[in-house]
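The values are calculated or read from the model by the stated rules, or taken from the named source; none is laboratory data. Since the structure is predicted, the reported quantities are computational estimates derived from the model, not experimental observations. Methodologically, a virtual Cβ is constructed for each residue, glycine included, from the backbone with ideal geometry; neighbour enumeration extends over all protein chains shown.
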Amino acid sequence: MSEPSAQPSQSHPAPSSRPAPTPAHPRYPRPALSRLGLSPGKRTRLKRLLYDYGPGGGTLLVLPIDQGLEHGPIDFFDNPAALDPQYQYDLAKEGRFSAIALHIGLAGKYFHEYAGDVPLILKLNGKTAIPTDSQSFSPLTGTVEDAVRLGADAVGYTIYVGSPAQDRDFRQFMEVRQDAQRFGVPLVVWAYPRGEAVAKKGGKESLYAIDYAARVALELGADVVKVNYPVHSEKDAESPPPYNSLALAPFEAFRKVVESAGRALVLVSGGERIGDTALLDKVRLSMDAGATGIIFGRNLWQRPRAEALRITRELHGIFREYAAPLA
């Protein structure tokens, strides 16, 4: 266990009261910051997220609030208070998150009140859920220059791997990647398999699709990649060989995804809200497999404030077990 990292001067959530379970799997190391090939600007910003904010110790606890664009207001019915973005900002501040991730409008209208207290990941592209996923493509909604002006520590970009529109997607991403390199801003890729071809090859939740998406993010220049957890199903038989005959346990399947991401740090997506035990087990399994952290939205801000802060304290307790010194 490393010494506690330096943190901004604000109250720390109380440690989790639950004892840490005996690891059921080997713990794989995360890629060291020094091996990511980052420019000085990128390294400085990413180091802040990994060590100076959130749980620290080289881990990431990110709160996304891009769902209002991606899904619409439907996600806020479970907790009407969360319709006001200030709810998520306050949760990110009080819960000591590594960063909050959102689009340009929510950054421009609200972030100035939290600048210096809550690091920002500015999401640069997005789409609505109204069209089908058959031609998935997210146009730009912001720029890297916007992110620098706002004081963001990273930018986010969604790539729809396998979509018929991926040629436009890759070209658009290349421009974002070049700007991120020029301005020294870390680039977080939401790597999502989509499209009819993906649906015919095991589906977007298959190991084949998610493993491929993680590798694509690495190949295209992501510094951090956000992926969903593979879900085993009968549709796996439709995946290309050898995926159609693999019989991997969930931990082994996710470890495969982390390996495919190479020297891009891996964040696990939370997806739809699940129960406490399932959520905490998913986090431990992911971290054991070599993930750097999580990016959970609905699983946290769809809860009432006190409950969201309670589960956040549990998460901080888990991350302290995986803390490591800067390398």
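Here are a few things to note about the model shown:
- Matching helices (runs of 4 or more DSSP H) fully within region 35-94 where at least 1 residues are surrounded by 22 or more Cβ atoms within 10 Å (Cβ to Cβ): 40-47, 85-94
- Filter result (among the β-branched types (V, I, T) and in contact (Cβ under 8 Å) with a residue 40 or more places away in the chain) within region 269-294: T292, I294
- The one condition from (1) within 22 Å of G270 (Cβ to Cβ); (2) touching a Pro at 6+ places or on another chain (Cβ under 9 Å) that E196 does not meet is (1).
- Evaluating M287 against the criteria (1) of a type in the set (A, V, I, L, M, F, W, C); (2) in contact with a Leu (Cβ under 9 Å, 6 or more places away or on another chain); (3) closer than 23 Å to A24 by Cα leaves one unmet condition, (2).
- Top-ranked residue of region 283-318 - restricted to ones that are of a type in the set (D, E) and buried (at least 17 other Cβ atoms within 10 Å of the Cβ), ranked as farthest from the chain's Cα centre (by Cα): E314
- For region 256-282, filtering for residues that are surrounded by 20 or more Cβ atoms within 10 Å (Cβ to Cβ) and either part of a helix (DSSP H, G or I) or β-branched (V, I, T) (or both) leaves 7.
- Residues in region 197-210 that are on the phi > 0 side of the Ramachandran plot and surrounded by fewer than 20 Cβ atoms within 10 Å (Cβ to Cβ): G203 alone.
- Pick from region 106-123, criterion part of a helix (DSSP H, G or I) and touching a residue at least 24 places away in the same chain (Cβ under 8 Å), ranking: farthest from Y51 (Cα to Cα): K109
- Screening region 221-232 for residues that are outside any loop (DSSP other than H, G, I, E, B) and out of contact with any helix residue (DSSP H, G or I) (no Cβ under 7 Å at 6 or more places or on another chain) and picking the one that is nearest to Y160 (Cα to Cα) gives K226.
- K200 meets all of the listed conditions (1) touching a Lys or Arg at 6+ places or on another chain (Cβ under 7 Å); (2) at pLDDT 95 or above but one, namely (1).
- Any helices (runs of 4 or more DSSP H) falling wholly within region 159-220 and containing at least 3 residues that are touching a residue at least 12 places away in the same chain (Cβ under 8 Å), of a type in the set (G, A, S) and within 19 Å of S138 (Cβ to Cβ): 207-220
- Residues of region 121-161 that are crowded, with 22+ Cβ neighbours inside 10 Å and farther than 20 Å from Y110 by Cα: S136, S138, Y157, T158, I159, Y160, V161.
- Residue tally, condition farther than 24 Å from D276 by Cα, among the small types (G, A, S) and modelled with pLDDT of 50 or more, over region 1-54: 5
- The condition of being surrounded by fewer than 17 Cβ atoms within 10 Å (Cβ to Cβ), on the phi < 0 side of the Ramachandran plot and of a type outside the set (F, W, Y) holds for only one of R182, R177, R194, R215, that being R182.
- Matching option when the condition is in a strand (DSSP E or B) and closer than 20 Å to P186 by Cα, among A147, A101: A101
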